[in-house]
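I have placed the structure first, in the form of structure tokens, so that the comments after it can refer back to it.
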Amino acid sequence: MRVLVLAKEDHQSEAAKPPTPEIMAEFQKFNEELVKAGVVLGDGRLYPSSQAKRLRFDGKKRTVIDGPFAETKELVAGYWLWQVRSIDEALEWLKRAPFDAGTYEIRQVFEFEGI
Amino acid sequence: MVSDLGTAEELAQDALVAALEQWPISGVPQKPGAWLMGTAKHRAIDLIRRRQTLERKYEEIGRDIEWAREGIDPDTTIDDDVVGDDLLGLIFMACHPVLARDARVALTLRVLGGLTTEEIARGFLVPVSTIAQRIVRAKRTLTEAHVRFEVPSGPERVERLASVLEVIYLIFNEGYSATAGENWVRPALCEDALRLGRILAELAPTEPEVHGLVALMEIQASRLRARVGPSGEPVLLLDQDRARWDPLLIRRGLAALERAGRLAGAMGLYALQAAIAACHARATTPAATDWPRIVALYDAVAQLAPSPVVELNRAVAVGMAFGPAAGLDLVDTLVAEPSLKAYHLLPAVRGDLLRKLSRSEEARAEFERAASLTENVVERKLLQRRAAECRAQEMSG
């Protein structure tokens, strides 16, 4: 199955400055292990919400909302697309990530409908 | 005390198989990249013992060999590379040619894919006891044949790697077009095979055919969703809704094909097949397909591995590139081929070409024959439907 791992990093989500080289190196090492295990299908990091837009639909009406957005705890700072055998396997991998803050959410991707 | 070479190897091998079998039960081990550490140590110690035994033997025959110069320290040899090598060694062992094909498949899925015996049985629609026996027997065969736990090199590596790739592709294909049962595709098997392929590509990044196989599987898997119609019926390549192809897998497949191409040497069989699949993946509509290039690629495949099945595929491409009559000429030369006697795709292809040439009656007979030859229920229904379409055409024509 595929899962999307959403990084809700709290304070980090909105930090404009990039993480330190040490943190990056640790993260890259972890990411490499994931690649070697055939887990990573894709990934990406997102710019802070100050550069983001939201579009709200209400019937025929469309409202554009400019960032930054207030609810930082729910803001996604990055994502991974993983190939795993189960949610539990995804959890096992994620537990080993070198993070010390934030919330990471694992969501199964809907696929193969009707098969 | 380990006294002979064979025993040492058996021990190392049993320890590895045992360690790996714990994996699916206890989840992914705590330390990623080092989950074989304990057994790698075993192996290093065994290597030392083996070397000492050899040294003694060389001493006995009076030869002066400087073994000591390259002595191993078990603690320094255990790094990520060694763990990677162990994993690779295990893949080579599970796919050893001494084992029957279905035994290789079962052992690979169990030990490397981390599937339970029940899951494998479900995947291949056979009783759990059959798979359990297959695995037990496979392990016994490996022990009895004194299969060495190692990453082979030289000409042996080529041959052994071919067996590994074959096993992975067999698993993929059983998921991609199930040979038996109610379902036309079983995506879980495709996913398992793809993942094994991706792992192998990281373990053996300099092997072009590994990337070729990964490319082939990624591109074929990109069509999984489009290959099955609303009621589970197969949808053939040219009838598929290309918007349903998975662009992520296509992108990954094309990247893997490029990776294979960057490595030295002529294209191997998997890379060639991936290149054919890539021709379809790049075409946004069936009409945009580069059929002459596909014919050329099939020519190359036929040179490397001549077979009636390849000729049949080539005939299909020729029919698309240069017209159904040209394709039919080629197919007709294959009709007498004994190895294709029970191959349902021969009459299916012939029927298709005949139909394009408006020879509906002959086409119908071919589709009916094809339907009687396949064991897959949904595929049979598709062929029967095509026969019925021909009958309708006969009536109206």
Q: Could you calculate the contour length gain from A:Glu71 to A:Glu22, that is, 0.36 nm times the residue separation minus the distance between their Cα atoms, to one decimal place in nm?
A: 14.8 nm
Q | GluC sites (Glu not before Pro) restricted to region B:181-258 and DSSP loop, no more than 12 other C-beta within 10 Å | A | B:Glu182
Q: Would you work out the relative contact order for region B:157-287, in percent, from Cα pairs under 8 angstrom that are 6 or more residues apart?
A: 25
(Q) Considering just Cα atoms, how many Å³ per residue does the convex hull of chain A enclose? (A) 128
Q) Using 7 Å Cα-to-Cβ label points, what is the B:Met395/B:Ser177 separation (nm, one decimal)? A) 3.0
Q.
Using 0.36 nm times the number of residues separating A:Leu55 and A:Glu32, minus their current alpha carbon distance, what extension gain do you get?
A. 4.7 nm
Q) If you rank A:Ile23, B:Ile171 by fewest surrounding Cβ atoms within 10 Å, what's the result? A) A:Ile23, B:Ile171
**Q.** GNM top mover of A:Pro18, A:Pro98, A:Pro68 - chain A, alpha-carbon springs below 10 Å
**A.** A:Pro18
Q. B:Leu304 to A:Asp100: FRET efficiency via 1/(1 + (r/R0)^6), r the Cβ-Cβ distance, R0 56 Å, to the nearest 0.05?
A. 0.55
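Among B:Tyr343, B:Tyr176, what is the fewest-to-most ranking by other Cβ atoms within 10 Å?
B:Tyr343, B:Tyr176
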Q.
Please report, in whole Å³, the volume per residue of the convex hull around the C-alpha atoms of region B:157-287.
A. 102
**Q.** Per-residue Cβ neighbour rank within 10 angstrom, fewest leading, B:Ile219, B:Ile276, A:Ile87
**A.** A:Ile87, B:Ile276, B:Ile219
Q: Compute the FRET efficiency between B:Thr130 and B:Gln384 as 1/(1 + (r/R0)^6), taking r as their Cβ-Cβ distance and R0 = 25 Å, and round to the nearest 0.05.
A: 0.20
Q: Label region B:319-396 by shape, choosing from rounded, prolate and oblate, from the square roots a ≥ b ≥ c of the eigenvalues of the Cα gyration tensor; if a/c is under 1.5 it is rounded, and otherwise prolate applies when a/b is larger than b/c, oblate when it is not.
A: oblate
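Readers should treat all values here as calculations from the given coordinates under stated rules, not as data from a laboratory. Predicted model, so just to flag it, every value in this text is computed and none were measured. When we count neighbours, we look across all protein chains shown, and the Cβ atoms used for this are built from the backbone with ideal geometry, even at glycine.
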